[in-house]
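Asker: Structure below; questions to follow.
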Amino acid sequence: MKIAIPKERRPGEKRVAASPETVKKYVQMGAEVVVETGAGAGADIPDQAFVDAGAKIAPDAKAALGDADMVLKVQRPMTAAEGNDEAALLKKGAVLLAMLQPLQQREQVKGYAAAGIDAYAMELMPRITRAQSMDVLSSQSNLAGYKAVLDAAAVFGRAFPMMMTSAGTIAPARVFIMGVGVAGLQAIATAKRLGAVVSATDVRPATKEQVESLGGKFVWVDDEEARASQTAGGYAKEMSAEYKAKQAALIAETIKKQDIIITTALIPGRPAPVLVTEEMVKSMKPGSVIVDLAVEAGGNCPLSRPGEIVEAYGVKLVGHTNVPSRVAVDASALYAKNLFNFLTPHWDKEAKSFKFNREDETVSGICVTLGGQVVHPSLKEGA
């Protein structure tokens, strides 16, 4: 069983899909691991570290991927249209694990099927307790939430904590987190650690307790409709137009008072929802900062620009792309462990190869192509 770890070639991608720790474990299991030279450079992992863990170093992608039974990547393969057809280097029957963006890249998924590649999109991992250690979205979003606060601090012209000095008192920064998922929760915790006054909002009132447990204030219209807005199954109910108007007014009023806003709202396969309108940006104080973690999906603010820090109405809008890659060392280590945790239950000791249990929902939930066919329900024709 040959496992290949190629170098990531997409612009700005510094992560790698294996760590010396996971390589060592794959080798101990009985697999052969081949790492393309320089694959770990962006994450400060030299080739020698992989060699010491038991891997072989290949001089280029072709040598690494050519006869590999399994390929572990961070991002989806480059395409011929992008100038480097990485998928073409994989042999028929090879298994590909990566964050493939299948809902956005449906034609590329069809290409995997046509080439006979069995492809697994790690970001489709079911949100079940057993799969938490395999959840790449959570591990990477956690670091993105942390880094977003540091990125805000880097362009903010003031300090975060309250400081009492002989020259006077510095008021603490006010930070507002919009969207209380994994990234939002880590952003709250990081901003609190830096001494800011933190508040947050989310469409799910059940997150109120999580926000308050981290020392933040939950911003919402607290009435009977809101308190009954969650179904027995844990899903949010559709709110009345009257409630939505009251909530929007409260958010708009809250935004005026903030120094920093961090937006985190994403909808899989769809454009990011607009949370901060142009009018809201106009209402903010000069020198305020907005960090838009959804900028690659269209942005939670229409004024943010992917890969840029721009200024509008005296407000700085930070639109860094691929934020987890900005913390590449830890992001790589966690991602590599996610892959390892997914794969190890399916290792066949006698055959010394992976044999996936198709009845396992962690397998069926992320398998997008198998045996030359597109098999994921959300990707089939008409879905």
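Asker: Between beta-carbons, use under 13 Å as the cut-off and find the net charge around residue 306, counting Lys and Arg +1, Asp and Glu -1.
Answerer: -2
Asker: Set the Förster radius R0 to 45 Å, insert the Cβ-Cβ distance between residue 296 and residue 224 as r into 1/(1 + (r/R0)^6), and round the FRET efficiency to 0.05.
Answerer: 0.70
Asker: Continuing with the same structure: Rounded to a whole number, what % of the accessible area of the chain do carbon and sulfur atoms account for, probe 1.4 Å?
Answerer: Carbon plus sulfur share of accessible area: 53 percent.
Asker: Just the accessible area for residue 197, please: 1.4 Å probe, Å², rounded to the nearest 10?
Answerer: 60 Å²
Asker: In terms of modelled amide H atoms, which long-range or inter-chain residues lie less than 5 Å from the amide H of residue 291?
Answerer: 261, 262, 263, 318
Asker: In addition: HN-Hα J couplings of region 322-333 from phi, Karplus 6.51/-1.76/1.60, θ = phi - 60°, integer Hz, Gly and Pro as x?
Answerer: Coupling constants for region 322-333: 6, 4, x, 5, 6, 10, 4, 5, 6, 4, 5, 4 Hz.
Asker: On to the next question. Excluding ligands, DNA and RNA, what is the solvent-accessible area per residue of region 157-217 at a probe of 1.4 Å, expressed in Å²?
Answerer: Result: 49 Å² of accessible area for each residue.
Asker: Another question, then. If I model a spin label as a point 7 Å beyond the Cα along the Cα-Cβ vector, how far apart are those points for residue 128 and residue 51 in nm?
Answerer: 4.3 nm
The values are calculated or read from the model by the stated rules, or taken from the named source; none is laboratory data. Treat the numbers as computed from the prediction; the structure is a model and nothing was measured. Cβ sites come from the backbone with ideal geometry, for glycine too, and all protein chains shown count toward neighbours. Heavy atoms of the whole protein, side chains included, go into the accessibility calculation; ligands, DNA and RNA do not. Shrake-Rupley method; radii C 1.70, N 1.55, O 1.52, S 1.80 Å.
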